[in-house]
Amino acid sequence: MGRWAIAVHGGAGVDPNLPLERQEEAKQLLTRCLNLGISALRSNLPAIDVVEKVVRELETDPLFNSGRGSALTEKGTVEMEASIMDGPKRRCGAVSGLTTVKNPISLARLVMDKSPHSYLAFSGAEQFARQQGVEVVDNEYFITPDNVGMLKLAKEANTILFDYRIPTNGYETCGSGVESPLQMNGLPISVYAPE
Amino acid sequence: TVGCVVVDREGRCAAATSTGGLMNKMTGRIGDSPLIGAGTYACDVCGVSCTGEGEAIIRGTLAREVAAVMEYKGLGLQRAVDFVIKNRLDEGKAGLIAVSKSGEVAYGFNCNGMFRGCATEDGFMEVGIWE
């Protein structure tokens, strides 16, 4: 009998000026998800069910870039994607271009378990979701005020951003800083709230 | 992007990754997270989930690479993660989490931070953001 182990992540590339309370929020969510996975492992749930359970929790919480709280496209909409893989027989499932499926990872699991394919995308994936009866919601459900603000910043800087959150508070006070040529992820460093 | 990797008491590994992609991305853009072997991979050796600059992760087939260097170079989990982060990303910025069938857990990243948490059955538990 081996020993279990678990790891979770919420994205790489973190805004160096992320306010402490946001850092604390992130740590609490990560701890909650670890504990969710640990109690499932202690109840001898198989690894494939544990990873799906934990990622569903991360998708439902708006803090990280997935499910509710997803990054926005140039049009201000949400298009989500996910994949899951079971080591023993290397079975796998993946979805892309989802706009209404509340938990993309569970649809990826259904692609693995209930379809003859390993990857479905856009309208085909949405159609499969309805066939399988998974929970669907309006696209607005996934859009948060924070991300609407982030998209505005990204458009003003004419850039594409990956995983991090620019602090919502303090932004208006730091714009007066001397315009430094230094860029962070395509945005002028002066955008960030000084420590 | 969010992810979870697990090995259970039977030594079975699994990996899952989910994302909204990049802020201000073009509609129709597909990143690394749904691509098996790039953002997500699991076999009977390990389970891996990646995050960061999708285009770099795809080009480096990052998740599969961890399993490959374990299989073909005989590296342990943490050394495999360190090798892949150091040698397979070119100038790209990314991070990943991984577990091995023997109950180890590891992570690595070459950017300024990664939201991550890990725990093992012998009581180890860590939650962090920065280096």
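The values are calculated or read from the model by the stated rules, or taken from the named source; none is laboratory data. Keep in mind it's a predicted model, so treat the numbers as computed, not measured. All Cβ positions, glycine included, derive from the backbone under ideal geometry; neighbour counts span all protein chains shown.
Return the residues of region B:83-110 that are more than 14 Å from the chain's Cα centre (by Cα), more than 20 Å from residue B:11 (Cα to Cα) and in contact (Cβ under 8 Å) with a residue 12 or more places away in the chain; say none if nothing qualifies. Full working, then the answer.
Step one: of region B:83-110, the residues more than 14 Å from the chain's Cα centre (by Cα) are B:87, B:90-92, B:101-103.
When the remaining residues are screened for being more than 20 Å from residue B:11 (Cα to Cα), the result is B:87, B:90-92.
Matches in region B:83-110: B:90, B:91, B:92.
Within region B:107-127, how many residues are more than 8 Å from chain A (Cβ to nearest Cβ) and either of a type in the set (Phe, Trp, Tyr) or in a strand (DSSP E or B) (or both)?
Residues of region B:107-127 that are more than 8 Å from chain A (Cβ to nearest Cβ), as a first pass: B:108, B:110, B:123-124, B:126.
If we keep only those that are either of a type in the set (Phe, Trp, Tyr) or in a strand (DSSP E or B) (or both) as well, we get B:108, B:124, B:126.
Total meeting the criteria: 3.
Tell me which of these residue A:70 doesn't satisfy, since it passes every other one: (1) of a type outside the set (Lys, Arg); (2) part of a helix (DSSP H, G or I); (3) over 26 Å from residue A:45 (Cβ atoms).
(2)
Among the residues of region A:13-36 satisfying the criterion of being without any contact (Cβ under 8 Å) to a residue 12 or more places away in the chain and within 9 Å of chain B (Cβ to nearest Cβ), which is surrounded by the fewest Cβ atoms within 10 Å (Cβ to Cβ)? Step through it out loud before you land on a result.
Taking region A:13-36 as the starting set, the residues that turn out to be without any contact (Cβ under 8 Å) to a residue 12 or more places away in the chain are A:20-21, A:23-24, A:27-28, A:31, A:35.
Narrowing the set further to residues that are within 9 Å of chain B (Cβ to nearest Cβ) leaves A:23, A:27-28, A:31, A:35.
Numbers: A:23: 16, A:27: 16, A:28: 12, A:31: 15, A:35: 15.
Going through the qualifying residues, I end up with A:28.
Any residue at all in region B:27-37 that's more than 7 Å from chain A (Cβ to nearest Cβ), assigned to a strand (DSSP E or B) and of a type in the set (Gly, Ala, Ser)?
no
Taking the condition closer than 15 Å to residue B:105 by Cβ and facing chain A (nearest Cβ under 7 Å), does residue B:2 pass?
Here the answer is no, as residue B:2 does not meet what is asked.
Could you please let me know if residue A:63 is over 25 Å from residue B:8 (Cβ atoms), modelled with pLDDT of 95 or more, in a loop (DSSP other than H, G, I, E, B) and more than 7 Å from chain B (Cβ to nearest Cβ)? Walk me through how you get there before you give the answer.
On the way: over 25 Å from residue B:8 (Cβ atoms): yes; modelled with pLDDT of 95 or more: yes; in a loop (DSSP other than H, G, I, E, B): yes; more than 7 Å from chain B (Cβ to nearest Cβ): yes.
It is true that residue A:63 is over 25 Å from residue B:8 (Cβ atoms), modelled with pLDDT of 95 or more, in a loop (DSSP other than H, G, I, E, B) and more than 7 Å from chain B (Cβ to nearest Cβ).
Against the condition under 19 Å from the mean Cα position of the chain (by Cα) and of a type in the set (D, E, K, R), how does residue A:109 come out, does it pass? Give the steps one after another, and end with the answer.
Working: under 19 Å from the mean Cα position of the chain (by Cα): yes; of a type in the set (D, E, K, R): yes.
Against the criterion (under 19 Å from the mean Cα position of the chain (by Cα) and of a type in the set (D, E, K, R)), residue A:109 qualifies.
Confirm whether residue A:75 is surrounded by fewer than 24 Cβ atoms within 10 Å (Cβ to Cβ) and touching a Cys at 6+ places or on another chain (Cβ under 9 Å). If you could, list the steps in order and put the result at the bottom.
On the way: surrounded by fewer than 24 Cβ atoms within 10 Å (Cβ to Cβ): yes; touching a Cys at 6+ places or on another chain (Cβ under 9 Å): no.
When the stated conditions are applied, residue A:75 does not pass them.
Which of the residues that make up region A:39-49 are surrounded by fewer than 19 Cβ atoms within 10 Å (Cβ to Cβ) and outside any loop (DSSP other than H, G, I, E, B)? Spell out how you get there, then give the answer.
Residues of region A:39-49 surrounded by fewer than 19 Cβ atoms within 10 Å (Cβ to Cβ): A:39, A:42-46, A:49.
Passing the criteria: A:39, A:42, A:49.
Scan region A:100-122 residue by residue and report those that are closer than 15 Å to residue B:33 by Cβ and either outside any helix (DSSP H, G or I) or touching a helix residue (DSSP H, G or I) at 6+ places or on another chain (Cβ under 6 Å) (or both).
A:101, A:103, A:105, A:107, A:109, A:118, A:119, A:120, A:121, listed by residue number.
Looking at region B:38-71, which of its residues are at positive phi and either facing another protein chain (nearest Cβ under 7 Å) or crowded, with 22+ Cβ neighbours inside 10 Å (or both)? I'd like the intermediate steps shown before the answer.
To start, the set of residues in region B:38-71 that are at positive phi comprises B:52, B:61.
Of everything in region B:38-71, just one residue is at positive phi and either facing another protein chain (nearest Cβ under 7 Å) or crowded, with 22+ Cβ neighbours inside 10 Å (or both), namely B:52.
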